[in-house]
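Each value in this text was obtained by applying a stated rule to the coordinates, not by laboratory testing. These figures come from a predicted structure and were not determined experimentally. FYI the Cβ positions are ideal-geometry reconstructions off the backbone, even for glycines, and counts take in every protein chain you see.
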Amino acid sequence: MSCRPHVSHIHFGGGTPNIIGARDLKILIEKLGVYFEIDKNTEIDIEIDPRLLNPETINDLSIIGITRVSLGMQDFNPDVQKAVNRIQPFEKAQEDVLALRESGVRNINFDMMIGLPLQTCENIQLNAERAISLSPDRLAVFAYAHIPWMKKHQKLLEKYPIPGTRERYDMNFVMADTLVTAGYEAIGIDHFAHKNDPLCIAKKAGALHRNFQGYTCNQAETIIGFGMSSISSFKSAFVQNTMDPKEYREALLDNIFPIKRGRVLTDDDIQRSSIVEQIMCYFETKLEDVENPNYNLAQLDELKTDEIIRFDGDRLIVTEEGKSFTRVVASCFDPYYKLEEERHARAV
């Protein structure tokens with residue numbers, strides 16, 4: 001029996017897939033196999049810019065054992081694509097999805113966006129219909145975060161109409177309604193999955209989880225992150241690597257972990273983390289100690305008045321109308337979250 005710890009899931013995200021090729025990914029997987037046990041049950045997935053896909057790359061992904069691909073489709077409208085400088089014709093998306101399936105990579109996710117410059121509810125519905133026509137297993141629908149004080153290049157987008165809060169709310173509803181009508185099931189917030197997908201099965205069984213990578217049916221308590229800015233989480237702690245390339249390289253050359261920050265979780269942290277996860281996965285949670293000083297009771301009262309949440313005995317339940325504000329509800333249980341006006345992306 002191998003003494004190496006078994007790996008249930010390998011995820012290549014962030015900028016990694018856009019920087020290194022399939023050959024280097026193969027080397028990485030082989031190197032991980034020296035220290036960890038990787039077998040046929042290990043899910044290996046990758047986030048990838050569809051503009052980088054070609055027949056050779058798709059074939060390489062299949063050969064190295066990639067089991068799931070998340071494609072950053074974002075928007076299929078040519079005018080929106082031109083505005084955000086991300087040209088990727090729908091016809092190419094069709095070809096890529098077909099080629100991936102023919103190569104053996106059959107688990108395909110789409111990342112879509114709402115709130116981009118020039119987007120309207122009409123083109124959001126068309127985006128959803130076009131995505132449905134390609135039959136992805138899962139879809140993640142993210143809200144565009146306009147934060148030019150952090151990402152200077154976003155100032156260039158302000159010459160185009162950018163949807164406001166009400167428009168974004170309506171777009172979110174149109175996208176969700178179109179996907180659900182087509183047979184997809186809503187998974188927590190922003191995510192949808194085919195009814196036969198493992199996420200839907202886990203949701204029905206009460207085994208749905210959420211970690212730094214998003215929703216998962218994987219119950220592993222240990223996540224080890226490699227690369228700049230990656231986060232590692234454990235049962236009672238988490239750490240994040242530095243985002244600075246120079247610091248990262250120097251730390252590795254000195255044979256030390258390139259960790260920038262971390263936190264050992266208290267029992268209270270773990271309890272509140274469980275509450276947040278339940279809200280994000282199932283839109284409800286049991287509040288055993290509603291007088292906990294780390295709960296933002298004043299904001300909970302406001303959310304109740306606004307009919308975003310309701311109480312049933314000791315259970316907090318997010319209303320159907322309040323689901324778009326689930327992140328706001330969850331933030332009431334996070335004393336480390338400090339909202340600075342005009343310095344964060346909108347929750348809707």
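May I ask you to derive the relative contact order of segment 207-276, considering only C-alpha pairs under 8 Å and at least 6 residues apart, and to give it as an integer percent?
21 percent
I need the peptides 184-192, 214-222 ranked by packing, meaning the mean over residues of other C-beta atoms within 10 angstrom, with the highest value on top.
184-192, 214-222
Compute the projected area of the convex hull of the Cα atoms of segment 243-296, averaged over all viewing directions, and report it in nm² to one decimal place.
Computing the convex hull of the Cα atoms and averaging its projections yields 5.9 nm².
Determine, for S70, S135, S103, the number of other Cβ atoms within 10 Å of each Cβ, and report the residues in order from fewest to most.
In order of increasing Cβ crowding within 10 Å: S135, S103, S70.
At what distance in nm do the modelled label points of L297 and S274 sit from each other, each positioned 7 Å from its Cα along Cα→Cβ?
According to this spin-label approximation, the distance is 2.2 nm.
Put +1 on the Cβ of each Lys and Arg and -1 on the Cβ of each Asp and Glu in segment 43-175; which of P78, L53, A131 then has its Cα farthest toward the positive end of the dipole?
Toward the positive end, the furthest listed residue is P78.
What size of dipole, in debye to the nearest 20, comes out for the chain about its Cα centre when the only charges are +1 on Lys and Arg C-beta atoms and -1 on Asp and Glu C-beta atoms?
Here the size comes out at about 800 debye.
Using Cβ contacts closer than 10 Å as the measure, can you line up R210, R168 from fewest to most?
Taking fewest neighbouring Cβ atoms as first place, the list is R210, R168.
May I ask for the equivalent-ellipsoid semi-axes of the chain, computed as the square root of five times each C-alpha gyration tensor eigenvalue and listed largest first in whole Å?
31, 28, 21
Using only the alpha carbons of segment 1-158, what is the convex hull's orientation-averaged projected area in square nanometres?
For the Cα atoms of segment 1-158, the hull's average projected area reads 10.5 nm².
Which value in nm describes the separation of the simple spin-label points at C3 and E122, placed 7 Å from the Cα toward the beta carbon?
Computed distance between label sites C3 and E122 equals 6.8 nm.
State, as an integer percentage, the relative contact order of the chain based on alpha-carbon contacts under 8 Å between residues 6 or more apart.
10 percent
Return the subset of K152/K260; K152/K323; K204/K260; K151/K260; K31/K92; K82/K155 for which the Cα-Cα distance in this structure is over 27 Å, preserving the input order.
K152/K323; K204/K260; K31/K92
Which order do the peptides 53-65, 153-165 take when ranked by the mean count of other beta-carbon atoms within 10 Å per residue, highest first?
53-65, 153-165
Length gain on complete extension for the stretch L265 to T181, per 0.36 nm per residue less the alpha carbon to alpha carbon distance?
26.1 nm
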